[in-house]
Every structure is written in C-alpha cells, then in structure tokens.
Amino acid sequence: MSVLRPFRATDMFKFNNINLDIWTETYGISFYLTYLSRWPDLCCVQEAPNGHMMGYVIGKAEGHGQDWHGHVTALTVAPEYRRLSLARKMMSLLEMVSDETYKGFFVDLYVRCTNSVAISMYEGLGYSVYRRVREYYGSLGLGRASKDEEDAFDMRKPLSRDPHRRSVRANGREFVVSAHDVS
Amino acid sequence: MSTALDRQIRPIYDALDTQSNKSAVLACNKVLKKQPNNVLVKALKALALVRLQKVEESLLLADEVLAKKPTDDGVLTAMMHVLRGLGRHSDIVAMFETAYKQHPQNEDLGTQTFFANVRVGNWKAAQQVATKMHKQFQDDRYLYWSIFSAVLQANDMATPEALRPVLLKLALRLISSGNTPSYFNPDRFYVHLLILRELEMYDDAATLLNHEIGQKICETSLVCDEIRRDIMKLKGACKQEGEQAKVKILEKKDRNWLEFLSLLDATFWDIASTSEPASEDVKAAVTEEIAKTRKVFSEAATVDGLKDRSGLLALLELEKRTKSHGLWTDACEIRMMAENYFSQFGDKACCYEDLLPYLAFEGEELEQWTSFLNSRKSFDTPDTLQRSINVYKLLRYNLTSAELTPELELARAQEYIKVYLDGLKFGVNLPDTELQPADDFAILVGHAYVSLWKLTGEESHLQSAAATLEYASARSKQSYRIRLLLIRIYHLLGAPALALDHYRLMNVKQVQTDTLSHLILSRAAMWSLAPLGDITYMSECMEASQIYMSNSTETAEFIARAFSTERYSQIIDFIEFEDRLDNSLQRDLMKVEHVRMRVAHEPLNAELVDMELIELKFIFDRIHHDNRDFEVIPNYQPRCQPSFNEQTLPLKPPGAGWLSAYLKVYIRAFQEASDLDETVEDKLLIGDRPKPSNDPENQLPLRERLVKKRQEEIDDLSEDEKLFYEYTLALSEWVGPYHDYVRPPPSALLAEAAKSNDLKPGHPLKSMAAAANGSATNGHSKKDEEPPAVKESPELIPKFFDDMKSRFDAVISGTALPSELLHIVATTQEAYLLFALETVRFKPNSIIKQYKFGQLAQSFKDLRVKASSILNEMSTVLAKLGEEVATPDGRKAFVQASSSIQDSSGVRLYFVSVKASAHHFTV
C-alpha cells in the first residue's frame, strides 16, 4: 500500500529518510531540476499513507537511432520500506513510459557488480547483463579494494519496439568496456 | 567579426573560461587601448571585474555598455552575467527589452527577453512578450508561453483578486485559438485542465478527460492523472471514480493506494458528502456498499497473499471509517484484522507505522491485543527478530500512564538492552556498510531512558541513553537514526561538540542543510564558543547557507528551461521550491545565529554594524516557510506521551515569532549604533531590493514596527528570552535619543564615502556627487538644538541582570540540566554585549565633553561593572561545575549511570565530557 505519484521539486524537502541512507546520494539542486525539466514523466515517488516518502526513481530518455532508450539514473527505497516490491512497481512505470511515451527500444541501468541482491531482482524483472563497465563507480572509501565494487553491469531489457531483442545479448558479462566508452 | 579582432578577443574568453580574471582584465585593456569604444570588450572587462569583486569599477563599465543599447549576442550574454553578479536583475530585463525593440524580427532576442522576465517572475511582461512573439512567428509554443504566463500571473500573490478570473479566462480563450488541440502533448493538456479547474469548469474538464486521447494521456502521465483525480473529486464524481477504481483493483491488479482511497471515498460518499444526519435508508444503502467494498478488498488480499499489503490494510481502513461514521461494526473486528495483518506482514519493518492509525484500543480489546503481541516474541531468525521489534514497538505504543512508572520503565529499558545485545548475533557477519538488524532495539532503549529522565528528572538516565546509543552507533556505523537520538541527548547534557560530531557523520549536504541543520544550529549562539575565538559554529552556518546561494543562481534558470522544453507541469512546483528555499525560516534563523556569534566574536565596529544592519533589514519583511524536518527523528514513545522529538528539545524550537523578535532586537541595536540612515543606505546600495511585501502591517514606518511587540513573538520566546526582549526594548528607548543627537548628518557621511572613493583614481561614485555638495562640515557638526537631557537608566536594565542572577542561583541549586544553565548564562552574556554595542559611540572622551554626557557615561560605567561582575560570578560557578564533572569521581558517576550496558556487554565506554562547554563564559 503505497501511493504512486509524480516526483516534485518540493520533494527535496521531504526525502531525508531516504537520502540519509549511505547508498543514496544527495545531489545539487540542478541535478533534480534538470531531470524534472526534461523527463518529469520518468520520475516518480512511492509515498506511505502518512505522507512519508518511501522511495523514488529518476530516469531519462537518451541515445540515437536504434540506441534510443529509457535510462534509470537513480532508484532508491528507504531501509524501512524495503522488501515490499516498491522498486518493481517504480520500474514498471518507467518501462511503460519509456515504451509508450518515448517509444524507446529498451530500458537500461547500471548496478555495482557486487550488488547481487539488486542484480537478481533486475533479472527477475527481465533485465540481463549487456556489458561490464570498468571503474564506473568511485570506491566506497571504506577500506575495501575489490574491483567488483567499482565495476558496473550495464543491464538492459528490450521494449515492444525491439521484438527481436536486438538490444540484449546472452553473454553480456564477458563484454568489458571502460567507463570512458559509455555516456 | 574580423579575424584580426577575433584573434584579439579569443584570449579574453579563454582567460574568463579558466577563471583567470586578472589576465582577462589585462587582455581587455590591451584591446581597449586601440579601440576605446569596443562595447564587447568593455562588457567582458566588466565581467572579469565583477568576478574580482571590483564592484564599483564594474558598475561604471556596465552602465557605459548599457547606455549603448547593445543588441549583439556576445555583448548581451556577457552583460547578463555581469548584471547577475551585481544583483541587478531588473536591468537584465530592461537590456533585453531594449534590444528586442530594436530588432523585433529576431526570434532569439524575443526568447531571451521572455526568459529574462521569467527569471524574475515578471509574469505580466512575460505574457506580453510571448503574445508578441506568437503573432510574429506563428508558433504554438509561444502561444502556450503566453497562456501559462497568464496563469502564473493569476497565481501571483501580488495580483488583485478581481483580476485573477479575467486572466484565466483570457488564457482559456487563447487555448482555443491554437492551431493544434491541447492534447497535442501531455503538458499542454495539463495546462488546459489546470485552467478549467481554477475556473471551476469541471464539466468541461470532464469532457476532455473522458475523450479517448484524454484517457490515454492520463494512463501514461502521472501528472495529468493527478489533476484528473483532483477535478473528479471537486466535481463530486466520487462514485464514478470508485467504480473505475474497483475495475482497476480487480482486473488490472492496480495496487496504487490512491485507487483504494477512491473506492473507500465512494463507499461512504452518501454519508460523508452531506452535513445532514443520515436517514435509515441512507445508512442501509451505505452498509450495503460497505459489504460490497469489503468483498473487493478481501479478494485483493486473497489474490495477493504475502505479495502486497494493500488489500488487508484497505480492510482495516474500511472498518475504521465504518466505525467513525457510527455504522454498526463488531467491536473486535478491527483488532482481529490488525492481528491478521500482523500475522502476515509482521516481519516487515513498516508494519508498525502501517498499523498505528488503527490501534487506539481500550479495555478488553487492549488486553487481548497485548496478549496476542506477547505471544509473538521470538528471536530465532532475522525475520522473527524484525517481528519481535514490531511487537516491542507496538506494545510500547499502547502503554497507559499507569504503566509508565520509573520502576516499570527501568525494567523495560533493561529488557530492550537484553534483546538488543542478543539480536546482534544476526548481524555479526554483515559488512560495515549495512545496518544491524537489531538497531531498533537500541533506539527503544534510548526512548525508555529519555522517558525515565522525564519521569524522574535524573540526568543519569540521559547518560545511560547516550552510553547505549554510542555503543549501538559503533556497531551500526551507518545508522543515522541512532545519531539523531544522540544529537538530541548530547544537547540536553550540554555536550554540543559531541552532537556536532554525530551530525557531521550523517553527511548532511545540499538541500538537506535547509531541512536538517536545525538539529545543531537552533540557537547555535548558545552552544558556540565564539567568544573564545572558536568559529566552528559560525562556519557551520556559512556552510549550511551555501544552498541558498545555489538556489538563487540556479533555480530560476530551470524555470526558464521548463518553458523552453514545454514542461509546464513542473513550473509551479519549481517556483514554489525556489520561494520556499529563498524565504526559508531556517535560513534566517541561521542568519540571526551567525550575527549573534559575530557580535560575541568580533570587535564591535562600523563594518560589522553597517553590514549586518543592511542584511537584517533585507530579511525583515520576508514571509517565511518552515522547511525544517522534525519527522525524520524516530518516535516510539507511548501514545499518551509527547513524542521523542518534543521530549528532547532543550527549548521550544524557534519559530517565526522568535525570528521576528530577534530581528527587531538586532536591527534596533544596529540602527542606533550605526551612522547609516536610510537615505545614505539607499545611495550606497548596489543591486535590486527585495520585492516590497503586500502585508498591510508592513506599510508602517520601520521605526514604529521595530518597537511594536507582538503576542506571536512573546509566545515563541523562553522565559529568559522574554526578560531579555524587555531589557533590549528599555535599553534602546533609553539610549536612542542620545544616538540620534550625536550621529553625524547623512550629508557628512556621503561626502566621506565620496572622498574615500575619489582616492581610487578616476572612479567617482556617481550617485554621491550631488549629495556631497551639501552643507556638511567634517565629522560632528554643530547642532542647533540642545543635547537631550541626561536621564537615569530605566530600572529594568539593572534589574534584568539581578533577575538573571537569581534565575541562575535557583537553577543551579536544583536538578537542572547543563543546557538550561547554558541558556541563562548565554542570554545574560548577550545582554551585556548588546549593552556594549549600544554604548560604544559614547566612549570617546571628546564626545562626552562636547555633549556634556559625563553623567550618562557614569551610568554606563556603573551598569557595565554590575553586569560584568554578575557574569564573572556565573562563569566561576560554571567553571567549577565543569571541573567537578571532569574529576575521577564525576567520571565514576557517569560510568555507573551507564553500567547497564556495560554489565551485559563488557563494552568499552565512551566518556562523555558532560558540561565540558560550561567553562567558556568569560567576559
């Protein structure tokens, strides 16, 4: 039971319970306003009945030609609202809008290679690894040195405009690119 | 541009791009030597100068460029940055308007003129520009710019009530004049719906919405769907909405809670929509509806099982509403549903807050509920641990006052500690980036100890809370919730440095500083060691204020951008966001704290006084928004008790009344101490003024408003602050006339300013020239009238210091917390500093002699001696107290207070230097 509603500029006054969590970055004003002034329909919030924000997704549409797609820039759920399928619901909205409004060929997202919980969730939603991006993330700065933590998987899911599934491949984990090669 | 010239200008741009502003100036000078009238180079030089903070020089050049009425793109762009840097936004508008007038065919200039108006919120002018552009260039996009500008003008507070519908009707007429219908894109459709809603033309809106394309848009656009729901509600079409919701829930498996609410609203519509008492027939009909709705929700609950909690919670809400409308329901129904809900979703962290609205049980129901919960405690797996956390929280929520005795609370605290330590085993192997599953038990311990402190007044319970929470924080490094509790408790204990440490570890940044800095910066002057030269809190204020600068430079740009991308649905929110941040209460509370610390930290000279006077006057008329987030602080206190937040506030949080009172105090004091009067200030100011406020209260002359006490202010002040407020009023009433008499006349000041400006070769301040020719002589002029007769100090002034002394003595002999003592001492100290500020003008012997103020000087001296001796006494007592606590005995007492967590865990204790900040009040 959660309200699905648009992300609004004034939500920046309300998102502390989500953003104080270590895994969620708080960006400058212009980050949020850039997204809202261009792709407001790819940004939404899940709200509890008492008005607390539970999670949100921020996305965009980008790419040229066959590469035109929806992209998940940030997806986050506050610790106390995890394990309620909120991410699933927000992703399904973003996919629907990427498909119907933007007519994209696929949706993609980046995830830390170490984040196995998230990876299996996305796999459950129909995403597969398209490629591995070297050193996409900064180190967490917590004294770990694992490469996996800095590398990202670029995961994709084809939309209705790509019935032949040209935007994905079976052995994506083997394809390695450097962070410079991706936008 | 010729290649030769291009070659000369390129290095200027390069230097500007790399922020090498000094070399940019040099490069400009080189070109200007040969081409003294090159406007572009002048504009670029002005830009480099403003970046170098050479405001006056930049100002002169800027005025020269503007006088040439530039139309060249490069010049305009450079000038836009210059004028922004100078804070002259209205000049940007005028510049583009002038350029566009000269080239009405230039679409780009039209767009720039429109954006310039948008940035400053000049909707009327924006609308006119867009209309003109639409006529000229025949693009529907300009039509919508003009439509939406009219809507925004109608929304503007400054627009007269009667004009609003006129503007909206104009906007509606314009929509029908477009080449394409509004559903061409969702944001235009949104604008159309918005106008119809504001004009209360709900049927017309419904026609649009029921159209095939309208329905399609609402399916993919949450923004349009949101306004659709709103319109349908206003139209009274609740039942229709309910029917649709039913279909969505059952057939499309839509689990948006809004659909459930629609169905609930529809179910009770016949009773809820009228104030008449419902007839038996209506009641019977509604009861029937309830049964149908119950079936829908039950079906959803069955289908979803553990996958989604909407169905079960909707059933609870249905029962609650049934009961509240006085319709028959079985007394135990809600409890049984809550039990059912708990059985299914008790292992989710949000179970507690989900159930809260339904748990106001009494008597037998409460007994059964309690025994149900008690039977559900189990600690075998991480899932049952989460369940048990919910059990403990839910039990605590329904505790009655009779059950909140010190003995029982202590027993509870000990039980929470036990289950907390036990639960840690489930997180042993987690990486340190993860939260410990048992964290919430530690938070409960904190709650129980705070409650114990409230019940007994014994400080040792707060120390126990701090010790346990410190331990938990070390085990779960990322738990910001534990830190929030610690910040509050440390403040109560008078250990602000420790509170600040935890705040910094929370990594609060960007816009969060507006909503969260209150945690450490509320009455920061009281915690600060500024008088001793420590500027930690002052820089914390400066850092937290960065966000307001970004807001004023960035947000308006995005409002313009949303016009250019035609995302009209965002614009009203962007404007609200900008306004709430610009006029944030916390922003100006921090400003006042910064001023209070500055006064304690820096020499009281004209530079400080004049600058702060102007800045405080700027914010005096603002209508503030309170964006502070108090909800983020966890609360698991019983429902019969105040929340954890309320319990742990050292003093009532300062609000708009507090701010107003302190602004008045400081503006009055600075005004008296300053030589600036309003005419001078006007001439010395560069940049735009704040928009005048429309509040009739604000139309009175400033001087009158400053001495007017309002109830709202008094209500916001602590007892000590009330005394202080009265004291400052008496003080300025007493010394005001002497200041007014001695203050040099405006003409003398302006002459002085012009003179010092003349020293810089070739740059006279133009506005000064005329005023400087006045009849003033140097410095203190001879006055015609006699100096005001010297009066004895009002009784209230010495009495204030006596009162504070007796307050201090009374509090220190009781069981007061260090924070209370600090507040008394800090307030007394502030009074002393204000006294110094208000008398510094009369210090020089020459003034005393010239105006025959000997007797006045004596009164000042007597008061100063009295105040400082009282402060010294307080300081000595505090220092002694600090030493006592820091002795081995004090340490031992603290360790004993936190023995509960030590005994059971063998942890190393963090010694908390309580009262450590007590020693810094020396005068």
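None of the figures in this text is laboratory data; all of them are computed from the coordinates on show. Just so it is clear, the model here is predicted, and its values are computed rather than measured. Cβ coordinates were reconstructed from backbone atoms using ideal geometry, including for glycine residues, and neighbour counts include every protein chain displayed.
Its residue count N sets the reference 2.2 N^0.38 Å, and the alpha-carbon radius of gyration of region B:85-236 equals 1.14 times that reference.
Please report, in debye to the nearest 20, how large the charge dipole of chain A is about its Cα centre when each Lys and Arg carries +1 at its beta carbon and each Asp and Glu carries -1 there. Write down the numbers at each step before the final one.
Working: 23 positive and 22 negative charges, 62 e Å.
Result for chain A is approximately 300 debye, rounded to the nearest 20.
Placing pseudo-labels 7 Å out from each Cα toward the beta carbon at B:Glu631 and B:Asp582 gives an inter-label distance of 2.6 nm.
Measuring gaps between exposed loop sites in chain B (trypsin sites (Lys or Arg not before Pro); DSSP loop; at most 14 other Cβ atoms within 10 Å), the longest gap, sites not included, is B:378-638. Straight-line cross-link reach from B:Lys101 at under 18 Å between alpha-carbon atoms covers these lysines, not counting any fewer than eight positions away in the same chain: B:Lys68, B:Lys69, B:Lys124, B:Lys132, B:Lys135.
In region B:309-409, which GluC sites (Glu not before Pro) are in a loop and have at most 16 other Cβ atoms within 10 Å, using DSSP for the loop call? All intermediate terms of the calculation are to be shown ahead of the outcome.
Numbers: sites: B:Glu317, B:Glu319, B:Glu333, B:Glu339, B:Glu353, B:Glu362, B:Glu364, B:Glu365, B:Glu367, B:Glu403, B:Glu407, B:Glu409; in loops: B:Glu362.
When the GluC sites (Glu not before Pro) of region B:309-409 are filtered for loop state and at most 16 Cβ neighbours within 10 Å, B:Glu362 remain.
Of interest is the spacing of the C-alpha centroids, which for region A:163-180 and region B:338-387 amounts to 47 Å.
Rounded to the nearest 20, the Cβ-based charge dipole of the protein assembly as shown about its Cα centre (Lys and Arg +1, Asp and Glu -1) stands at 2800 debye.
The mean count of C-beta atoms from other chains within 10 Å of the C-beta of residues in B:505-513, rounded to a whole number, is 5. When both region B:438-500 and region A:73-122 are represented by their alpha-carbon centers, they are found 36 Å apart.
On full extension, the segment bounded by B:Asn698 and B:Gln344 gains 121.6 nm, given 0.36 nm per residue less the C-alpha separation. Among the listed pairs A:Lys89/B:Lys295; A:Lys14/B:Lys477; A:Lys60/B:Lys239, those whose Cα-Cα separation exceeds 30 Å are A:Lys60/B:Lys239.
Rounded to the nearest 0.05, what FRET efficiency do B:Asp254 and B:Asp73 give with R0 = 41 Å and r taken as the Cβ-Cβ distance? Could you check?
Working: r = 51 Å, r/R0 = 1.25.
According to the calculation, E is roughly 0.20.
Listed by chain and number, the aspartates and glutamates whose C-alpha is less than 12 Å from the C-alpha of B:Lys283, apart from same-chain residues fewer than 8 away, are B:Asp270. The residue among A:Tyr56, B:Ile559, B:Ser584 whose Cα reaches farthest toward the positive pole of the charge dipole of the protein assembly as shown, with charges on the beta-carbon of Lys, Arg, Asp and Glu, is B:Ile559. Selection among B:Ser528, B:Pro406, B:Leu16 by position relative to the dipole of the protein assembly as shown gives B:Leu16 as farthest towards the positive end (Cβ unit charges, Cα centre). Under the classification rounded if a/c is under 1.5, otherwise prolate if a/b is larger than b/c and oblate if not, where does chain B fall, given a ≥ b ≥ c as square roots of the Cα gyration tensor eigenvalues? The shape class here is oblate.
Legend: calculated FRET efficiency, B:Asp6 to B:Ser550, from the Cβ-Cβ distance at R0 = 41 Å, rounded to 0.05, equals 0.75. Take B:545-558, A:31-44 and order them by the average number of nearby Cβ atoms within 10 Å per residue, most first; the result is A:31-44, B:545-558. For peptide B:565-574, the mean count of partner chain Cβ atoms within 10 Å of a residue's Cβ comes to 5. Projecting the Cα atoms of B:Met542, B:Ala99, B:Leu196 onto the charge dipole of chain B (Cβ charges, centred on the Cα centre) puts B:Ala99 farthest toward the positive pole. Show which aspartates and glutamates lie in cross-link reach of B:Lys755 when reach means a straight Cα distance below 17 angstrom and same-chain residues fewer than eight apart are skipped. Once the sequence-local aspartates and glutamates are set aside, what remains near B:Lys755 is B:Glu56, B:Glu57, B:Asp675, B:Glu681. Rounded, prolate or oblate: which fits the protein assembly as shown when a ≥ b ≥ c are the square roots of the eigenvalues of the alpha-carbon gyration tensor, with rounded for a/c under 1.5 and prolate only if a/b beats b/c? Here the protein assembly as shown falls in the oblate category.
Quick check: from the Cα gyration tensor, does region B:474-517 come out rounded (a/c under 1.5), prolate or oblate? Could the numbers behind the result be given before it?
Working: a/c = 2.10, a/b = 1.20, b/c = 1.75.
Oblate, because a/c is 1.5 or more while a/b does not exceed b/c.
Each residue of region B:231-244 was assigned a 3J(HN,Hα) from its phi angle through the Karplus curve 6.51 cos²θ - 1.76 cosθ + 1.60 (θ = phi - 60°); the sequence is 5, 4, 5, 5, 6, x, 8, 5, 5, 4, 4, x, 4, 4 Hz, with glycine and proline shown as x.
For the segment B:306-314, counting C-beta atoms of other chains within 10 Å of every residue's C-beta and taking the mean gives 2.
Given R₀ = 22 Å, FRET efficiency for B:Glu786-B:Val707 by Cβ-Cβ distance, to 0.05? Spell out each step's value before the answer.
Values: r = 25 Å, r/R0 = 1.12.
Once the sixth-power term is evaluated, E becomes 0.35.
Distance from the C-alpha centroid of region B:508-581 to that of region B:252-299: 44 Å, rounded to the whole angstrom.
Counting Lys and Arg as +1 and Asp and Glu as -1, each charge on the Cβ, what is the dipole of chain B about the Cα centre in debye, to the nearest 20? Intermediate values should be presented prior to the final figure.
On the way: 109 positive and 132 negative charges, 591 e Å.
With only Lys, Arg, Asp and Glu charged at Cβ, the dipole is about 2840 debye.
Extending 7 Å from the Cα toward the beta-carbon at both B:Lys852 and B:Lys323 defines two label points whose distance is 8.2 nm.
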